[in-house]
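What follows is calculated from the coordinates using simple rules that are stated; it is not laboratory data. This one's a predicted model, so the numbers in the text were calculated from it and none came from an experiment. We place every Cβ from the backbone using ideal geometry, glycine too, and count neighbours over all the protein chains shown.
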Amino acid sequence: MNSATFRERWGLLDFLEACRARGVQKAGLWGDDIKKVGVAKAASLMADYEVEAFGYNRAGPLLTSDASDRRKLLSMAKNEIDDAVAVGADHILVFPGGLEPDSKDLASARFQTVDAIGILHEHAQKVGMNLALEPLHPMLCGDRTCITTLRHANDICAQFAGKNIGVVVDTYHVWWDETIESEIARSALENSILSFHVNDWLVPTTHLLTDRGMMGDGIIDLHGIWKCVKATGYNGPVEVEIFSERWWNEDPDMVFDMALERCRQIFG
Ligand code: ZN
């Protein structure tokens, strides 16, 4: 379960309590929630509640044309990697950020992204953390990341020989891609699939970031994509990650139970 599903309602403690009550043992966590209680305290709470950190959000943004700002951003991203290690996370999500204000140079953003990932990758290898590249829907290319396809994420991972780096397959972001089957197979073969994020695409979608659907309420062939992921030998969790004003306004315990029930129906 990713804590963002309840981000407007629960802090870390409430979330861990809810995970423990339902026997959920792995959690996607956010650096800002962890920093509110302190990294060491968060790590000890997780041990107490027997919930392991899985994905850690996030390293980034990383892109700027100013050399001193760039050093600062990279240093902040390295600190986030260290915090991910401190809470025992399996991987850290890396999002380079969008184009700089007034820039139209997407090619340069892509080049800078790979360059910055290279620097973070060296650090990640040293401290034993996996960098997770999660392609986001192309409509987020301007302000979140220039990595918008699984193919691009796979191409970048391949440059680092697939060690301490892999991809996250989020159904919301890749369901529309006609190469999804072959690229999922390639992810597992050349790199690794670090997590499988689930939610749904509603029609109409009213907000790109905060109108994700509950699994089963939208048009994504979730079971079909899961079959492709499972066929690669992936044996990690199905990670529920729903950013939704609608669900944030509901009782979080009810949302948690409904999400688990939908997961049983679709992925069980
Ligand atoms: Zn995701």
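What list do you get for 258, 1, 139 if you sort them by fewest beta carbons within 10 Å?
On the way: 258 16, 1 26, 139 13.
Going from sparsest to densest Cβ surroundings: 139, 258, 1.
Subtract the Cα-Cα distance of residue 115 and residue 257 from 0.36 nm times their separation in residues, and report this length gain in nm to one decimal. Could you put the intermediate results ahead of the total?
On the way: separation 142, 0.36 × 142 = 51.12 nm, distance 4.20 nm.
In short, 46.9 nm is gained.
If you plug each phi of segment 237-245 into the Karplus form 6.51 cos²θ - 1.76 cosθ + 1.60 with θ = phi - 60°, what whole-Hz ³J(HN,Hα) values come out, in order, with x for Gly and Pro?
Those phi angles translate into x, 8, 9, 7, 9, 10, 8, 7, 4 Hz.
List every residue whose amide H lies under 5 Å from the amide H of residue 54, counting only residues 5 or more places away in sequence or on a different chain, with H placed 1.01 Å from N in the peptide plane.
Here 27, 28, 29, 90 satisfy the definition.
Could you check what % of the DSSP bridge pairs in segment 146-268 are antiparallel, to the nearest 5?
Working: 2 of 9 bridges.
Restricted to segment 146-268, the bridges split so that about 20 percent are antiparallel.
For a Förster distance of 30 Å, can you work out the FRET efficiency between the beta-carbons of residue 108 and residue 265, rounded to the nearest 0.05?
Step by step, r from the Cβ atoms, then E = 0.10.
Round to the nearest 0.05 the FRET efficiency obtained for residue 232 and residue 139 when R0 = 35 Å and r is the Cβ-Cβ distance. Can you show the working numbers first?
Numbers: r = 27 Å, r/R0 = 0.77.
Efficiency at R0 = 35 Å is approximately 0.80.
As a footprinting exposure proxy, order 264, 151, 212 by other Cβ within 10 Å, with the fewest listed first.
On the way: 264 9, 151 18, 212 28.
The order, fewest Cβ neighbours first, is 264, 151, 212.
What number comes out for the charge environment of residue 179, summing +1 per Lys or Arg and -1 per Asp or Glu over other residues with Cβ under 13 Å away? Display every interim value, and only then the final one.
Details: positive: 151, 186; negative: 155, 177, 178, 181, 183.
Net charge in that neighbourhood comes out at -3.
On a C-alpha basis, how far is the centre of segment 130-161 from the centre of segment 202-268 in Å? Whole number, if you could?
About 21 Å separates the Cα centre of segment 130-161 from the one of segment 202-268.
Let me check I've understood the local charge: for residue 27, count other residues with C-beta under 13 angstrom from its C-beta, Lys and Arg +1, Asp and Glu -1. What total comes out? Could you put the intermediate results ahead of the total?
Details: positive: 7, 20, 22, 26; negative: 14, 17, 33, 50, 52, 90, 239, 241.
Taking every other residue near residue 27 into account, the sum is -4.
What percent antiparallel are the DSSP beta bridges of the chain, to the nearest 5?
On the way: 2 of 25 bridges.
Of all bridge pairs located within the chain, approximately 10 percent are antiparallel.
If Lys and Arg each add +1 and Asp and Glu each add -1, what is the summed charge of the other residues whose beta carbon sits under 13 Å from the beta carbon of residue 249? Don't skip to the answer; put the middle values down first.
Numbers: positive: 7, 9, 246; negative: 8, 211, 245, 250, 251.
Cβ neighbours under 13 Å give a net charge of -2.
Output wanted: per-residue J couplings in Hz (rounded whole) for segment 152-168, from phi through Karplus 6.51 cos²θ - 1.76 cosθ + 1.60, θ = phi - 60°, x for Gly and Pro.
Once θ is set to phi - 60°, the couplings for segment 152-168 become 5, 4, 5, 4, 5, 4, 4, 5, 10, 6, x, 9, 6, 8, x, 10, 10 Hz.
Could you line up 12, 140, 133 from fewest to most neighbouring Cβ atoms inside 10 Å? Working shown, then result.
Working: 12 21, 140 18, 133 27.
If I rank by nearby Cβ atoms, fewest first, I get 140, 12, 133.
Restricting attention to the alpha-carbon atoms of segment 189-259, what are Rg (one decimal) and Dmax (integer), both in Å?
13.6, 42
Do the alpha carbons of any pairs in 104/230; 36/230; 26/104; 163/230; 41/78 sit beyond 30 Å of each other, and which pairs?
Working: 104/230 39 Å; 36/230 36 Å; 26/104 40 Å; 163/230 21 Å; 41/78 20 Å.
As for pairs spanning more than 30 Å Cα to Cα, those are 104/230; 36/230; 26/104.
Around residue 240, which amide H atoms from residues at least 5 apart in sequence, or from another chain, sit under 5 Å from its own amide H, with H modelled in the peptide plane?
HN-HN under 5 Å from residue 240: 2, 198.
Going by the alpha-carbon gyration tensor, a ≥ b ≥ c the square roots of its eigenvalues, is segment 3-267 rounded (a/c under 1.5) or, if a/c is not under 1.5, prolate (a/b greater than b/c) versus oblate? Mind showing how you got there, number by number?
Working: a/c = 1.45, a/b = 1.18, b/c = 1.23.
It comes out rounded by the Cα gyration axes.
So who's got an amide H within less than 5 Å of the one on residue 59, skipping anything under 5 residues away but keeping other chains? H placed 1.01 Å off N, in plane.
Amide H neighbours of residue 59: 93, 94, 95.
Applying the Karplus parametrisation 6.51 cos²θ - 1.76 cosθ + 1.60 with θ = phi - 60° to the phi angles of segment 141-149, what ³J(HN,Hα) value in whole Hz is obtained for each residue in order, glycine and proline being reported as x?
Calculated HN-Hα couplings, in order: 4, x, 10, 10, 6, 8, 8, 10, 9 Hz.
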